[in-house]
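What follows is a set of notes on a single structure, which appears directly below.
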């Protein structure tokens, strides 16, 4: 195995040196990922390792040296693993199933232990949010916001809509801004809009 200071040099070196460095890094990542994702199976860990190696090698110039190289590489690998787990979780769930669920913001979730006046305000807020979503947002904004509120990751929403995560981020940002502005126009204060 390479010592910390050798990784960048070896991974950026000649083909034979680079191949040996990638093999060493692969073994290191496999060992760590087997521990991190112990219940996920060998095929999953192999796939994550391969994808992580591609990301690490493709972004080696982004390594700033603020941590050890192996820590940086393992962080990328773990993120790849969690992204894949999220993708697998949502694999058999259609966007229509998620966007058809209007209970993502549910009046029943209003804390009944609050004072009656505070609970009434929160209930009215939830009703107004539903109305604004239906009346003021575009269909695409509605779908994306409802999917996100149901827990679907933006990357997965983008994949379903045939677009990228940045476009989904912009859609949800615009939808939230429109929602907030309309709530303020209806007289809600920042305190009313903050979590109880």
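The values are calculated or read from the model by the stated rules, or taken from the named source; none is laboratory data. Computed from a predicted model, the values in this text were never measured in an experiment. Positions of Cβ are generated from backbone atoms using ideal geometry, with glycine treated the same way; all protein chains shown enter the neighbour counts.
Details
- Check on residue 121, in the same structural domain as residue 174 (by TED's automatic domain parsing), surrounded by 18 or more Cβ atoms within 10 Å (Cβ to Cβ) and touching a residue at least 24 places away in the same chain (Cβ under 8 Å): no
- Residues that are more than 27 Å from residue 83 (Cβ to Cβ) and either modelled with pLDDT of 80 or more or in contact with a strand residue (DSSP E or B) (Cβ under 9 Å, 6 or more places away or on another chain) (or both) do not occur anywhere in region 146-166.
- Cβ-Cβ under 7 Å pairs, at least 6 apart or on other chains, region 15-43 side on the phi < 0 side of the Ramachandran plot, far side surrounded by fewer than 14 Cβ atoms within 10 Å (Cβ to Cβ): 24/1; 28/1
- In region 50-78, the residues that are free of Cβ contacts under 8 Å to residues at least 40 places away in the same chain form Cβ pairs under 9 Å with partners that are surrounded by fewer than 11 Cβ atoms within 10 Å (Cβ to Cβ) and not in a helix (DSSP H, G or I), at six or more places apart or across chains, as follows: 72/64; 72/65; 72/66.
- Residue list for region 147-184, filter: within 15 Å of the chain's Cα centre (by Cα) and within 15 Å of residue 129 (Cβ to Cβ): 148, 149, 150, 172
- Cross-chain or 6+ apart pairs with Cβ under 8 Å, region 132-154 first and in the same structural domain as residue 179 (by TED's automatic domain parsing), then part of a loop (DSSP other than H, G, I, E, B): 133/105; 145/137; 146/101; 149/105; 150/101; 152/90; 152/93; 153/90
- Total residues in region 160-196 satisfying the condition of being surrounded by fewer than 17 Cβ atoms within 10 Å (Cβ to Cβ), on the phi < 0 side of the Ramachandran plot and free of Cβ contacts under 8 Å to residues at least 40 places away in the same chain: the figure is 20.
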